[in-house]
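The next block holds one structure in the form of structure tokens; read it before the comments.
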Amino acid sequence: MQNAINIYVNGDARTWRSGATVEELLRELDIKTERVAVELNLEILDRAAFAQRQIKDGDRLEIMSFIGGGSFPRGQHGR
Amino acid sequence: MADDRLMIAGREFKSRLWVGTGKYKDFAETKKAIEVSGADVVTVAVRRVNITDRSRENLLDYIDPKKYTILPNTAGCYTVEDAVRYSRLARAAGVSDLVKLEVLGDEKTLFPDTAGLIEAAKILIKEGFIVLPYTNDDPIVAKKLVDIGCPAVMPLAAPIGSGLGIRNPYNLKIIMETVKVPIIVDAGVGTASDAALAMEYGADAVLMNTAIAGAQDPIAMAEAMKYAVHAGRLAYKAGRIPRKLYATASSPIEGML
């Protein structure tokens, strides 16, 4: 891959192409942008910024959404 | 009781039963249980999107945010920083400014860290969040939460998922007398009578997850809870008779042989 960058998405190391925007990353990961929040290096991005914001080498992205939950600690999802 | 609506921060809620969405067998069961319960507020957690397996369905494909009030929670957060971070993520994910704020004290009891809760609530209220705090059955903390701007308080009945029912009814009653905002009893309900009792004491609503999702038949329990909350509310409004030590005859003495 030309101009490859190393990034972290939801804790996992990934190689991505340089110059890609957050919107492109989400699309290529098959994630619908509605009802997700994106945190880039601890900064929560406005949805409007997804199309402009380019990801850079070493970036850490967290892509978050809603899951079933009432009140339970991390990892305790079983019945 | 068509006009007996619950109002919080200018929002109107039809149902006084609020439900969680965790621990169900699958989304179809979640959806059915919520429908049967009649709840119009459902609480959801905020977590990482599963990127490696995109075939996994999304909860909100089943729970229509147009039909329900989606109440994101900060379940799993043990620090002020985490609770604030998750609240901001929830808002960015785009449902509303509502958050059910949890700052947990430890993993064994899941009791709220009330000092952290107040601190996190202050930060979030300043940022425009509508903070519904999951708190202990402590009247002083409840009052502090209201004083800093929480439009409702959510004291626990018992530890989350314990099913122990209301462990301290007297504290709950004192909270109901001391704060002038809606009180939603959150966590610890085990069965229908627990929910009815909370409402009879004067709670404005009850939130539960495990009591329904963990029942042998979650759909049937969802229905039981719907009636329990309704019956408890009606009984509270009707006003119960005082407890007395001795009998009072219901039938007249006149006309007896």
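Brief remarks follow.
- Kirkwood Rh and Cα Rg combined as Rg/Rh, the stretch B:1-154: 0.97
- Å² per residue, accessible surface of the stretch B:140-257 at 1.4 Å: 53
- Shielding of peptide B:39-50 by partners, expressed as the average count of other chain Cβ atoms within 10 Å per residue Cβ, is 6.
- Partner chain coverage, peptide B:21-29 - average Cβ within 10 angstrom: 3
- With all protein chains in place and a 1.4 Å probe, the accessible surface of the protein assembly as shown carries 50 percent carbon and sulfur.
- Protection proxy ranking, peptides B:193-199, B:234-240, B:13-19, average beta carbon neighbours within 10 Å, highest first: B:193-199, B:13-19, B:234-240
- Other-chain or far-sequence residues with amide H under 5 Å of A:VAL9's (modelled H): A:ARG14, A:LEU61
- Size of the A/B contact, given as accessible area buried on both chains, probe 1.4 Å, in Å²: 3400
- Relative contact order (%) - the stretch B:1-100, alpha-carbon pairs under 8 angstrom, separation at least six: 23
- The protein assembly as shown, helix-only ellipticity at 222 nm - DSSP H runs n ≥ 4, -39,500 (n - 2.57), divided by all residues, nearest 500: -9000 deg cm²/dmol
- For the stretch B:21-69, the direction-averaged projected area of the alpha-carbon convex hull comes to 3.7 nm².
- Per residue convex hull volume, Cα atoms of the stretch B:192-257, in Å³: 151
- D (Stokes-Einstein, µm²/s), Kirkwood Cα radius, chain B, 0.890 mPa s at 25 °C: 129
- Normalised by the number of residues in the stretch B:167-226, the mean separation of alpha-carbon contacts (under 8 Å, six or more apart) gives a relative contact order of 33 percent.
- Counting every alpha-carbon pair across the stretch B:92-175, the share separated by more than 23 Å comes to 21%.
- Pair-distance distribution P(r) for the protein assembly as shown, from all Cα-Cα distances in 10 Å bins starting at 0: 6, 25, 31, 20, 10, 5, 2, 1, 0, 0, 0 percent.
- Kirkwood hydrodynamic radius of the stretch B:1-84, from the reciprocal of the average inverse Cα-Cα distance over all distinct pairs: 14.6 Å.
- Taking θ as phi - 60° and the Karplus parameters 6.51, -1.76 and 1.60, the scalar couplings of the stretch B:250-257 work out to 8, 9, x, 7, 4, x, 7, 6 Hz in sequence order, x denoting glycine and proline.
- Legend: residue pairs B:LYS108/B:LYS237; A:LYS32/B:LYS100; B:LYS32/B:LYS122; B:LYS14/B:LYS100; B:LYS108/B:LYS144; B:LYS108/B:LYS173, Cα-Cα distance threshold 28 Å; pairs beyond threshold, B:LYS108/B:LYS237; B:LYS32/B:LYS122.
- Mean per-residue shielding of peptide A:58-66 is 6, counting Cβ atoms of other chains within 10 Å of each Cβ.
The values are calculated or read from the model by the stated rules, or taken from the named source; none is laboratory data. Keep in mind that this is a model prediction, so the values were computed, not measured. Positions of Cβ are generated from backbone atoms using ideal geometry, with glycine treated the same way; all protein chains shown enter the neighbour counts. In case anyone asks, the SASA skips ligands and DNA or RNA and just uses the protein heavy atoms, side chains included. Shrake-Rupley method; radii C 1.70, N 1.55, O 1.52, S 1.80 Å.
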